[in-house]
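Down below is the structure, laid out as structure tokens.
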Amino acid sequence: MSSFFIFVSMTNSNPIGLFDSGVGGTSIWNEIYSLLPNEEYIYLADSKNAPYGEKSKEEIIFLSSKNTELLLNLNCKLIVVACNTATTNAIKELRIKYKVPFVGIEPAIKPAALHSQTQKIGILATKGTLNSELFYKNIEKFQDILILEQIGYGLVELIENGNMKSPEMTSLLEKYLNPMIDANIDYLVLGCSHYPYLIPQIKKLLPSHIKIIDSGQAVAKQTKLLLTTTVGLHDSSNTNRPLFYTNSNPEVLSNILNSKFKVHFLNF
């Protein structure tokens, strides 16, 4: 596979690019922005093609490549694949094809497995993530831990359609979480960047001793580390507002961002 080159002047003042199968990756952006407020950001919500979790590996690689090329043409110095499904299915190919640093996001199985007292953890993720080769390689390291896997059918679609707090969402969460509670898990790993927005609802359904883990803070720290060792951190205060693009209804992404930032429609 040949490498893809974008001939731009890459400096530390160039923006960080992020993409996701929709609005969920903004949960990752929130963590990175909190850690690195001086950086410029461009976010792509590929909501038209959500959810990635129900697509084939080939489709996921194609869509991830399309998003990457758009961000490279917008002069991004580093790309965050703010989607578990895209990371577990496509990041290997992206790193081979494109000469830009990538940060991926994977389910935080390791800290849950290492700290579990009951030796039982739950993971709520998409079909694409749970069926990926990378996910299987990760769970093979923890043979002594019972890992209860649950595909979150319908959750991403409800979030993308603006129905995050609907009775249907509550019903689905109860259906997916109750078997894990009955199995005596003490950690729940959220394996989709959309799911952190469901934490307030999930907490109401889980016993208080069950801890919820997502990957946002770890991704933010890795982004800072990779920037420091490659193209560099933005070395002055940034006065530009982050750019958010979606190829679907801008109102959904705007609501997720609490209308703090303007969301632009882009047909990509």
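The values are calculated or read from the model by the stated rules, or taken from the named source; none is laboratory data. Keep in mind it's a predicted model, so treat the numbers as computed, not measured. Using ideal geometry, Cβ is built from the backbone for each residue, glycine included, and neighbour counts are taken over all protein chains shown. Ligands, DNA and RNA are excluded from the accessible area calculation, which covers all protein heavy atoms including side chains. Shrake-Rupley method; radii C 1.70, N 1.55, O 1.52, S 1.80 Å.
Annotations
- Qualifying residue in the stretch 147-168 (condition: charged (D, E, K, R), in contact (Cβ under 8 Å) with a residue 40 or more places away in the chain, assigned to a loop (DSSP other than H, G, I, E, B) and open to solvent by 10 Å² or more (accessible area, probe 1.4 Å)): no
- Scanning the stretch 234-248 for residues that are farther than 15 Å from residue 48 by Cα and either free of Cβ contacts under 8 Å to residues at least 24 places away in the same chain or β-branched (Val, Ile, Thr) (or both) turns up 239, 241.
- Among residues of the stretch 43-71, those that are of a type in the set (A, V, I, L, M) and either open to solvent by 10 Å² or more (accessible area, probe 1.4 Å) or touching a Lys or Arg at 6+ places or on another chain (Cβ under 7 Å) (or both), counted: 4
- Sole exception among (1) at pLDDT 95 or above; (2) within 17 Å of the chain's Cα centre (by Cα) for residue 54, by number: (1)
- If the condition is being outside any loop (DSSP other than H, G, I, E, B), in contact (Cβ under 8 Å) with a residue 24 or more places away in the chain and open to solvent by 60 Å² or more (accessible area, probe 1.4 Å), then the stretch 249-268 contributes 251, 255.
- Residue selected from the stretch 181-233 under the condition open to solvent by 30 Å² or more (accessible area, probe 1.4 Å), touching a residue at least 60 places away in the same chain (Cβ under 8 Å) and of a type in the set (Ser, Thr, Tyr), by the criterion farthest from residue 80 (Cα to Cα): 197
- Flag if residue 78 is in contact (Cβ under 8 Å) with a residue 12 or more places away in the chain, under 19 Å from residue 264 (Cα atoms), of a type outside the set (S, T, N, Q) and surrounded by fewer than 24 Cβ atoms within 10 Å (Cβ to Cβ): no
- Meets criteria (in contact with a Pro (Cβ under 7 Å, 6 or more places away or on another chain) and within 20 Å of residue 159 (Cβ to Cβ)) for residue 67: no
- Residues of the stretch 227-248 satisfying the condition of being assigned to a loop (DSSP other than H, G, I, E, B) and modelled with pLDDT of 95 or more: 242, 247, 248
- Residue 208 being outside any helix (DSSP H, G or I), modelled with pLDDT of 95 or more and within 23 Å of residue 254 (Cα to Cα): no
- Within the stretch 16-40, the set of residues being open to solvent by less than 10 Å² (accessible area, probe 1.4 Å) and aromatic (Phe, Trp, Tyr) comprises 19, 29.
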